[in-house]
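The values are calculated or read from the model by the stated rules, or taken from the named source; none is laboratory data. From a predicted model like this one, the values you see are computed outputs, not experimental measurements. Neighbour counts are summed over all protein chains in view; Cβ atoms, including those assigned to glycine, are modelled from backbone coordinates with ideal geometry. Areas reflect the complete protein model, heavy atoms only, side chains present, ligands, DNA and RNA absent. Shrake-Rupley method; radii C 1.70, N 1.55, O 1.52, S 1.80 Å.
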Amino acid sequence: MIASEWSLGSSKFLLDPTGILYWPEQRLMAVADLHLEKSTAFAARGLLLPPYDTSVSLGMLHDAMTRYNPETLLALGDSFHDNGGPGRLAPTEREKLAAITALAETIWIAGNHDPDLRQQVPGRHADEWRIGSFRFRHEPATDIPTGSFEFAGHLHPKARVRLRGQSISRSCFIGDARRLILPSFGAYTGGLDVSDPAIGNLFPNGAEIFMRGKERVYRFAI
């Protein structure tokens, strides 16, 4: 796989086709919106989905961990579809999660779906994580303090572009000189088009999108 390089301030980051962000300087990997156990949450409401989302998502995450070998894994919220998700993990999936968290210090950022995972999953827990001027959070802030840079999830951005005469819609990263929003990583998560005001209003001066392909990331200005 070929990651695309992205710069914020004086630091460089890698945007991977799987949807993860890697910061080589800090050996930090970030992932957003896993929504683990979404299928079991839906099943409790009588809506049946194939019960494989957690297994697929954790498998992809473990593969990314072994490729990048980070010291820190930062999960940017909505890691589970609800607070009860950890309690519904099958034993095999619980073992997979434990194996992932054993590979790196894991930090769980609170999301709107899973605001309190404390005592339920191994690792550290925070509402927001800061390293120098970089802020990692779940929902994008309406106003970023001067001199700060933001990484967020929550909005599940996707984009539609014409490529080689075809219209293609894929999930994507979207960013400008102040912030970057990560795509959702979970197997059963949908997306919000970058033209929607909820995303577009965050980038009044335009942005770049990094569309996920199978083997590489495609960069476009919008």
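Evaluate the stretch 95-110: report whether one residue or more is small (G, A, S), free of Cβ contacts under 8 Å to residues at least 40 places away in the same chain, within 24 Å of L15 (Cα to Cα) and in contact with an Asp or Glu (Cβ under 9 Å, 6 or more places away or on another chain).
yes
Among residues belonging to the stretch 3-17 that are in a strand (DSSP E or B) and closer than 21 Å to G59 by Cβ, point out the one that is nearest to the chain's Cα centre (by Cα).
L15
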Find the strands (runs of 3 or more DSSP E) located wholly in the stretch 125-222 whose residues include 1 or more that are open to solvent by less than 20 Å² (accessible area, probe 1.4 Å), and list them.
134-136, 149-152, 157-163, 166-175, 179-181, 208-212, 217-221
Selection over the stretch 18-60 where residues are modelled with pLDDT under 95 and either aromatic (F, W, Y) or in a strand (DSSP E or B) (or both) yields a count of 3
Run down A126, A177, A152 and say which single residue is of a type outside the set (K, R) and in contact with a His (Cβ under 8 Å, 6 or more places away or on another chain).
A152
Which of the residues spanning the stretch 95-114 are under 18 Å from the mean Cα position of the chain (by Cα) and open to solvent by less than 70 Å² (accessible area, probe 1.4 Å)?
L97, I100, T101, A104, T106, I107, W108, I109, A110, G111, H113, D114
Of all residues in the stretch 68-94, count the ones that are in contact (Cβ under 8 Å) with a residue 12 or more places away in the chain and open to solvent by 70 Å² or more (accessible area, probe 1.4 Å).
4
